[in-house]
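As structure tokens, the structure follows; a few thoughts come after it.
Readers should treat all values here as calculations from the given coordinates under stated rules, not as data from a laboratory. Fair warning: this is a prediction, and the values are worked out from it, not measured in the lab. Neighbour counts run over all protein chains shown; Cβ positions are idealised from the backbone, glycine included.
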Amino acid sequence: MRVPILRLGRVLLTSLPADLTDQQVMDLQIDALALIQSGKADGLVIDITAADVVDSYMARILSETAKMVKIMGGVAVLAGMQPAVALTLVEMGRDMIDMETAFDLEGGVAKVVRLVASRGGRHDEVPTT
Amino acid sequence: MTKSRPPDRPEPAPGATTRALIDIRIQDDILRARQASRTAASAIGFTTVDQTRLATVVSELTRNALVYAGGGVCRVLTRLTVQERSVMIEVEDQGPGIADVTGALTRGFSTGRGLGLGLAAVRKLMDDLVIETCPGRTLVRTGMTRRR
């Protein structure tokens, strides 16, 4: 089963379940990039409040997804990481997670909106005056 | 996430051991092995943080078995004594073996890219790590022990 991605305005929202297979993580990346590419959204918030394990594979795919979104012109933010998961990732080595983060979903959405605005958004939104 | 024991189920008596065995054939088995390790560790009183370390380690090792050897088996053994609680994870496969163990451990995942068997991460999260590998058989054994 694919992880659903919702759209709120120009921000995509997705909440990862507690247990996620490698294939589901990869599908999420493909789906998110397709939606960003379609022009319907400028950014993506990935909420991982429920995730009680983030291993090196998932950390790498999430970080790579964020980089891909970024070079496409968008912003991806990881939100809601549990303390035990954060601690484990830090112990595993430096830069396991290399992307923007936020405390929670609300903060993640705010961050996407702020970062997109600071970069000027999509060209078709630039005021023509 | 915190799975506290129900009050009517006391800790197992000292000396008790448990073991779980999970066949690793498909991606879902990684999740099953992860859950089994967490459940086993929780049952003898490991903290949430230690359970997370263990589940992460099991995830790394069982994925290696699945990706590089087409599958394998994961054993979770726990032991409770008067002084300490311990858990041991064994992941065994019949794959081609790890050609460069030292490289996998030192290079490991430190760059965050490339081969990344996650073994360096496993060593950091656990107390000990033993790797026996040759073409046809690889056994990774790693443990965590905490004083009570």
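Legend: mean number of C-beta atoms from other chains within 10 angstrom of residue C-beta atoms, peptide A:25-37, equals 0. The mean count of C-beta atoms from other chains within 10 Å of the C-beta of residues in A:18-24, rounded to a whole number, is 4.
Note on the stretch A:13-129: along the principal axes its Cα atoms extend 51, 25, 23 Å, ordered by decreasing extent. Partner shielding of A:73-83 amounts to 1, given as the average count of beta-carbon atoms from other chains within 10 Å of each residue beta-carbon. Charged neighbours of A:Thr65, selected by a Cβ distance under 12 Å, balance to -2 (K, R count +1; D, E count -1).
Highest mobility in the GNM of chain B, judged by mean-square fluctuation with C-alpha springs under 10 Å and restricted to B:Gly70, B:Gly45, B:Gly136, is found for B:Gly136. Between the listed residues A:Leu13, A:Ile71, A:Val53, the Cα displaced farthest toward the positive end of the dipole of chain A, a dipole computed from Cβ unit charges relative to the Cα centre, is found at A:Ile71.
Extending 7 Å from Cα along the Cβ direction at A:Val90 and again at B:Val67 yields two label points whose distance is 2.6 nm. In whole Å, how far is the Cα centre of the stretch A:1-78 from that of the stretch B:18-37? Cα centroid to Cα centroid, the span is 26 Å. The orientation-averaged projected area of the convex hull spanned by the Cα atoms of the stretch B:17-147 comes to 7.4 nm². Seen from a random direction on average, the alpha-carbon convex hull of the protein assembly as shown projects onto 16.0 square nanometres. The residues packed around B:Gly136, meaning those with a beta-carbon under 14 Å from its beta-carbon, carry a net charge of -2 if Lys and Arg are +1 and Asp and Glu are -1.
Each Cα pair under 8 Å and six or more residues apart adds its sequence gap; the mean of these over the residue count of chain B is a relative contact order of 23 percent. Per residue, chain A reaches -14500 deg cm²/dmol at 222 nm when only DSSP H runs of four or more residues are counted, each adding -39500 (n - 2.57). Only beta bridges with both residues in the protein assembly as shown are counted; by DSSP, about 75 percent of them are antiparallel. Computed per residue of chain B from DSSP H runs no shorter than four, each worth -39500 (n - 2.57), the mean residue ellipticity at 222 nm is -11000 deg cm²/dmol.
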